[in-house]
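Single-structure report; data block below.
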Amino acid sequence: MVLPSQGGYSSVRGGNMYRRRRKRSAISWLLLIGAGAFVTYLVWPDGETSNSETGTIVANDFQEISMPVAELPDPPTIVAEATPPKDEVVEEVIEEKPESVTVAVVEESLAPVEEELVIKPIPLATTVSANLEEGLNLIDQDHVVDARRALTNALQSGRLSESEIAQAHGVLTDLNDRLVFSPEVLDGDPYSIEYIVQGGDTLSGIVKKMGIQVDWRFIQRINNIKSASGIRPGQNLKLVTGPFHAEVDKKSYRINLYLGEGANQVFVRSYRVGLGEYNSTPIGAFKVRRNSKLINPTWVNPRTRAFFAADDPANPIGERWIGLEGIEERTADLSGLGIHGTIEPETIGTDASMGCVRMHSDDVAEIYEVLAEGTSTVKIY
């Protein structure tokens, strides 16, 4: 007896199994071919590589398929055709930004700048008074006497700024170095005369004889005479007639010196001063008290009664004293007020005295020589 496992598939069950297996194999091949065709269709545009010389497109891992070049699909240029040309895009951007907009903005930003530049520069000539400008022009023409008059008028006008006042003071100081403090006598100067020394003359005698209202030491100073006894007959001397007056400006800590009277008065020089502590320097009009001008005076401190001898280096009032007396009702009863030197130069420009006006030693020596007793006035304001 032959077992089923030892012979062919003669049994009905075995034959059916074989037929079913063949049937399944045919279906599988059909499905595989269909799937391959479908995959080839899907990957055709992206997964392909081409040979430009033969026109053959090789699908990935699949068999070669020959196709005429003319039947190839058109290159993917649709996207490029949908994109506008670059030139057209640039033209559209330019059209959207008109040039007139940019120009308008620039013009608006420049207009205020030009207006400021016109306003800022101010010529110097427009800031000075007519008299100040006139005086400066006269100096350029060497008309120094007339220039002094014009510059003084400018100061007295009250129209100068602080900087212009300082400018006028400086210019006038330089002018008066020549007009007042030098041996030169200029034509047209109403306050200077020339004197020829006579036999037997002395400086103090000349001052008295000519009736000039200055100290003889001032004549010695401006004529550069080393010794008071050094003058000789026939010598030419310059005499400044005076009178001199002074004004103390408490606000600026200055004493301003003037020459002449009334409308003919001219500015000479300005000096720094120190004033009384706690605003104790009185305001008002004064004149130089007779027999009050002293050189190397003794002094008694009115508060402590301490005594300081003449030439004492510790003497607080220095080497000059000019006594003042009031000439109006509010100042008539004041006493003990004066102009003097100091051994504390650092206090000039401050409130440090007991009410008097203190000055540097060299400055008070000049003031001492030109302020005349009983004649010269001192106004404090």
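Read-outs throughout are calculated quantities, based only on the coordinates presented, and are distinct from any laboratory measurement. Source: prediction; values computed, not measured. Neighbour counts run over all protein chains shown; Cβ positions are idealised from the backbone, glycine included.
Over segment 292-360, the fraction of Cα-Cα pairs per 10 Å bin, rounded to whole percents and listed from the shortest bin up, is 20, 51, 26, 3. Each of I343 and I327 was given a label point 7 Å from its Cα along the Cα-to-Cβ line. The distance between the two points is 3.4 nm.
Taking H placed 1.01 Å from N in the peptide plane, check which residues at least 5 places from R254 or on another chain put their amide H under 5 Å from its amide H. Residues meeting the criterion, in which the H sits 1.01 Å from N, are D249, V273. Full extension of the chain between Q198 and S161 gives 8.4 nm of extra length, using 0.36 nm per residue less the Cα-Cα distance. Spacing of the modelled spin labels on K251 and Y278, each 7 Å from Cα toward Cβ, amounts to 2.6 nm. Going from the residue with the fewest nearby Cβ atoms within 10 Å to the one with the most, E134, E162 rank E162, E134. Phi angles of segment 289-300 translate, via the Karplus equation with coefficients 6.51, -1.76, 1.60 and θ = phi - 60°, into HN-Hα couplings of 5, 5, 6, 10, 7, 10, 10, 6, x, 7, 8, 10 Hz per residue; Gly and Pro are given as x. In this simple spin-label model, placing a label point 7 Å from the Cα along the Cα-to-Cβ direction at both D142 and T173 gives a separation of 2.6 nm.
Which shape class, rounded, prolate or oblate, goes with segment 247-381 when its Cα gyration tensor gives a ≥ b ≥ c as root eigenvalues, a/c under 1.5 marks rounded, and past that a/b bigger than b/c marks prolate?
Working: a/c = 1.45, a/b = 1.41, b/c = 1.03.
Rounded is the answer for segment 247-381, as its axis ratio a/c remains below 1.5.
Fully extending the segment from S227 to E373, taken as 0.36 nm per residue of separation minus the present Cα-Cα distance, adds 50.1 nm.
Taking other Cβ atoms within 10 Å as a rough exposure proxy, F308, F286 sort from fewest to most as F308, F286. Once backbone amide H atoms are built at 1.01 Å from N, L334 has G326 as its partners under 5 Å, excluding neighbours fewer than 5 places away on the same chain.
At full extension, D311 and Q235 could sit 23.9 nm farther apart than now, given 0.36 nm per residue minus the alpha carbon distance.
Sort L371, L334, L136 so that the residue with the fewest other Cβ atoms within 10 Å of its own Cβ comes first and the one with the most comes last.
With the fewest neighbours first, L371, L334, L136 line up as L334, L136, L371.
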